[in-house]
1. Scanning segment 341-354 for residues that are open to solvent by 70 Å² or more (accessible area, probe 1.4 Å) and more than 16 Å from the ligand (Cβ to nearest atom), which turns out modelled with the lowest pLDDT?
2. Select, from L192, L223, L229, the only residue that is over 30 Å from R81 (Cβ atoms), within 16 Å of the ligand (Cβ to nearest atom) and surrounded by 20 or more Cβ atoms within 10 Å (Cβ to Cβ).
3. Looking at segment 36-57, is at least one residue of a type in the set (A, V, I, L, M), open to solvent by 10 Å² or more (accessible area, probe 1.4 Å) and in contact (Cβ under 8 Å) with a residue 60 or more places away in the chain?
4. Give segment 81-93 a look and list any residue that's touching a Gly at 6+ places or on another chain (Cβ under 8 Å) and open to solvent by less than 40 Å² (accessible area, probe 1.4 Å), or say none.
5. Of the numbered conditions (1) among the β-branched types (V, I, T); (2) open to solvent by 10 Å² or more (accessible area, probe 1.4 Å); (3) over 21 Å from V125 (Cα atoms), V269 satisfies every one except a single condition; which is it?
6. Taking segment 282-299 on its own, how many of its residues are in contact with a strand residue (DSSP E or B) (Cβ under 7 Å, 6 or more places away or on another chain) and away from the ligand (no atom under 16 Å from the Cβ)?
7. Out of segment 14-27, which residues are assigned to a helix (DSSP H, G or I), within 15 Å of E247 (Cβ to Cβ) and not charged (D, E, K, R)?
8. In segment 386-423, what residues are over 30 Å from H197 (Cβ atoms), surrounded by 10 or more Cβ atoms within 10 Å (Cβ to Cβ) and charged (D, E, K, R)?
Amino acid sequence: MLNRPFTSKRAPIYADVPDEKWNSWRWQLSNRINTVEEFEKVIPLSESERKALSAPGLFRVDITPYFVSLIDPDDPHDPIRKQVVPTAAEMVPFTAMMEDSLAEDRHSPVPGLVHRYPDRVLMLVTTQCASYCRYCTRSRIVGDPSATFSRAEFELQLEYLKRTPQVRDVLLSGGDPLVLAPKILEEILRRLREIPHIEIVRIGSRVPVFLPMRVTTELTDMLQKYHPLWLNIHVNHPNEISLELAEACDSLTRAGVPLGNQAVLLAGVNDNLHIQRQLVHELVRMRVRPYYLYQCDLVEGAGHFRTAVAKGIEIMEGLRGHTSGYAVHQYIIDAPGGGGKIPVMPNYLISLSDHKVVLRNYEGYITTYEEPVDYLPSHAAVYTGEKRAEPGQTGVSGLLEGEQMFIKPEGFDELHDRGGVQHRLKDSRKWVPLGIGPGEKEKPTSEE
Ligand SMILES: *Cc1c(COP(=O)(O)O)cnc(C)c1O
């Protein structure tokens, strides 16, 4: 296990495929497997898998010959198999299950553009992938060619970006942007680069994992014309790390594309500290920085993949301090209802008093940090430059910056009015902070 060499695999039925075909991404895509008959030639199916594959309305199935070859056919619990071969468990509903659990479509000013955060957008450029993950968070559109985005919609996305200067970061996703025809992908990158306020472009892709042969010199030569470009891959288990993936990552890194990994915490796949440690260690050996570990979303078909949040905390507890900081991802719950990503971790801050902080480390060592008693925000803390616009989204940081004094749930004021009428004691000046927020500029007189 330690420092294991990265290796290649090919299922016996592909033994006679000539190398030029095997190493061609076009051949891999057109020979993907998705039927009971095709599967049976590679892995003996269980009753549950056979039932799922024959079920109507099943989320699309497609697996590249390369990726299916990484499955151990004799192991019904193979961690790669569980990610891509459907089972009847997908058809089981669960409490709080949703079609669009992140409310992405609500955050879309135009189809396919999700503008959730102040300075960055998620741009869905296709609904197609090289293979389909059974726990897909976007299964409502992914895999469905009829749900894909039209050229007219692409133009609308660009128009929105042009007129929204607060966006400095565009994250291309889908579907998988790297399955697009190379010319189309290049056009997207070129058109984005024409927009002056877009500082970085990122790609989220599982192509290096499902179809590493797609990472050709032609592709990396094209990508490096559009720097600064970042790319996140998606590896969940060390078994996905092959010689081919390592080579694809090496080519991308040499082309100057910093690589990150986004994994999903999946029951029966990687819900184990030791698997996660091996995973992050092998990733950093390939110069891939573990970025996020996601709690599985409340999405249809993914119920059986969900773990307790405690499992994620336990994994983070076993990583931080125990291994290189570079190998430690952030554990994220993407808030149902569209709240966005929320990092969660064990508590390291144990207690506080004035000027003293009590902390514990990964070993359980408890220490105090003595704070200065004479600290005053210095000159450096006074920022006179321009502040980035975050209309309506300054959040808790805005509270600290003194832009507002509270964040209230919708309907809070009305509820606390208790249906009362305006009377002699009710003067809204009393509860508007003096010298902070809107109270300063336009001192409200009594309501009505
Ligand atoms: C994940 C995501 C992003 C990017 O988030 P980072 O934390 O910056 O990686 C942007 N927009 C949406 C809608 C997302 O879901």
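The values are calculated or read from the model by the stated rules, or taken from the named source; none is laboratory data. This structure is a prediction, so every number in the text was calculated from the model and none was measured. A quick note on method: Cβ atoms are made from the backbone with ideal geometry, for glycine too, and the neighbour counts reach across all protein chains shown. These accessible areas exclude ligands, DNA and RNA; they are computed on the full protein's heavy atoms, side chains included. Shrake-Rupley method; radii C 1.70, N 1.55, O 1.52, S 1.80 Å.
1. Of everything passing the filter in segment 341-354, D354 is modelled with the lowest pLDDT.
2. Working: L192 fails: surrounded by 20 or more Cβ atoms within 10 Å (Cβ to Cβ); L223 fails: within 16 Å of the ligand (Cβ to nearest atom).
Exactly one residue qualifies, and that residue is L229.
3. Quick first cut of segment 36-57, residues of a type in the set (A, V, I, L, M) only: 36, 42-43, 45, 52-53, 55.
Those left that are additionally open to solvent by 10 Å² or more (accessible area, probe 1.4 Å): 36, 42, 45, 53, 55.
The next check asks that each one be in contact (Cβ under 8 Å) with a residue 60 or more places away in the chain; those that pass are none.
Among the residues of segment 36-57, not one is of a type in the set (A, V, I, L, M), open to solvent by 10 Å² or more (accessible area, probe 1.4 Å) and in contact (Cβ under 8 Å) with a residue 60 or more places away in the chain, which makes the answer no.
4. A89, E90
5. Only one criterion is unmet by V269, namely (2).
6. Step one: list which residues in segment 282-299 are in contact with a strand residue (DSSP E or B) (Cβ under 7 Å, 6 or more places away or on another chain), which gives 283, 287-299.
With away from the ligand (no atom under 16 Å from the Cβ) added as a condition, the list becomes 283, 287.
Here the count works out to 2.
7. Of all residues in segment 14-27, those assigned to a helix (DSSP H, G or I) come to 14, 19-22, 25-27.
Still in the running and within 15 Å of E247 (Cβ to Cβ): 19, 22, 25.
Matches in segment 14-27: W22, W25.
8. Within segment 386-423, K408, D413, D417 qualify.
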